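Let me begin by presenting the structure, written as structure tokens, before commenting on it.
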Amino acid sequence: MKKIIATLSALVLIASVANAQNGLGGLLGKIFGGGNQTETTAQDNGSTAASTAETLLGGLLGTVISQVVPVSLPGTWTYCGIASAIETENTLTTLAASAYKEKLETKLDGYLQRIGIVPGVATITFNADNTFSIASQTKTIASGTYTYDTKTKEIVMKLGKVYSYMTMEGTVTASTNGAQVLFDANKFLAFAKKAIKVVGAGKDNSTLNTVANLAEQVTGLKLGFDMKK
């Protein structure tokens with residue numbers, strides 16, 4: 001609870017700093033003169049500060065949501081895209097480097113689309129009998145059984161025979177979309193590589209190799225599914 005309160009306090013502080021910098025920039029421009037150029041520069045600085053604050057607020061808000069909001073997993077979820085995070089001292093946080101994050105997620109999303117896991121189209125269903133399936137519009141891509149501990153947020157997904165009974169251990173957290181299921185990056189990439197063979201989507205793994213190289217540059221990287229009901 002103290003951690004959550006501290007995070008909320010940080011949200012308020014960042015918002016206050018952004019407003020203060022915005023107002024201070026305009027005030028200094030009026031006091032010291034310099035015409036429209038000075039005032040414009042001050043406004044630009046204020047806008048930059050506000051933009052930075054907005055980014056930080058988004059990251060902190062995501063952390064608060066993941067800590068507080070419980071996830072009811074059973075049901076059919078729509079796949080929204082790749083989710084990524086880093087794990088530091090057993091705490092999952094949003095991947096900080098936005099440009100790096102976008103590059104990694106875009107490449108991996110493109111790879112999964114070859115399998116049929118397309119944002120807004122593919123579904124991930126968790127049944128009450130502890131079975132699950134990942135499906136495109138036309139076929140089931142993967143299926144198996146799962147266990148989910150709502151207290152620890154830990155999930156274990158065991159795939160069927162065609163996946164050589166691969167086991168994927170991860171965590172489930174609430175997100176602004178709905179929920180994210182995150183696994184160790186290497187384990188998730190191994191699933192993606194196996195899936196493309198199972199569905200017969202070709203043998204070219206150059207994109208996945210690129211993603212793997214990117215993933216190696218971040219310690220504690222987690223990859224998985226961003227989804228909503």
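The values are calculated or read from the model by the stated rules, or taken from the named source; none is laboratory data. None of these values were measured; they are calculated from a predicted model. Ideal geometry is used to build each Cβ from the backbone, glycine not excepted, and the neighbour counts take in all protein chains shown.
Here are a few things to note about the model shown:
So that you can scan it fast, the table gives a plain yes or no per residue for (1) in the same structural domain as Cys80 (by TED's automatic domain parsing); (2) of a type in the set (A, V, I, L, M); (3) under 18 Å from Ala185 (Cβ atoms):
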site: Lys101; (1), (2), (3): yes, no, yes
site: Glu105; (1), (2), (3): yes, no, yes
site: Leu108; (1), (2), (3): yes, yes, yes
site: Ile115; (1), (2), (3): yes, yes, yes
site: Ser133; (1), (2), (3): yes, no, no
site: Thr150; (1), (2), (3): yes, no, no
site: Tyr165; (1), (2), (3): yes, no, no
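- Some residue of the range 114-129 being in a helix (DSSP H, G or I) and within 14 Å of Ile196 (Cβ to Cβ): yes
- Of the set (1) without any contact (Cβ under 8 Å) to a residue 60 or more places away in the chain; (2) among the hydroxyl-bearing types (Ser, Thr, Tyr); (3) within 13 Å of Val181 (Cβ to Cβ), all apply to Tyr148 but (1).
- Some residue of the range 179-198 being in the same structural domain as Cys80 (by TED's automatic domain parsing), over 27 Å from Asp129 (Cα atoms), surrounded by 15 or more Cβ atoms within 10 Å (Cβ to Cβ) and touching a Ser or Thr at 6+ places or on another chain (Cβ under 9 Å): yes
- Screening Asp226 on (1) touching a Gly at 6+ places or on another chain (Cβ under 8 Å); (2) over 12 Å from Ile82 (Cα atoms) shows it passes everything except condition (2).
- Qualifying position, being at pLDDT below 90 and touching a strand residue (DSSP E or B) at 6+ places or on another chain (Cβ under 7 Å), among Val199, Val181: Val199
- The one condition in (1) part of a loop (DSSP other than H, G, I, E, B); (2) within 15 Å of Ala83 (Cα to Cα); (3) out of contact with any Leu (no Cβ under 9 Å at 6 or more places or on another chain) that Gln137 fails to fulfil: (2)
- Checking each residue in the range 172-213 for being β-branched (Val, Ile, Thr), assigned to a loop (DSSP other than H, G, I, E, B) and more than 19 Å from Ser136 (Cβ to Cβ) picks out only Thr176.
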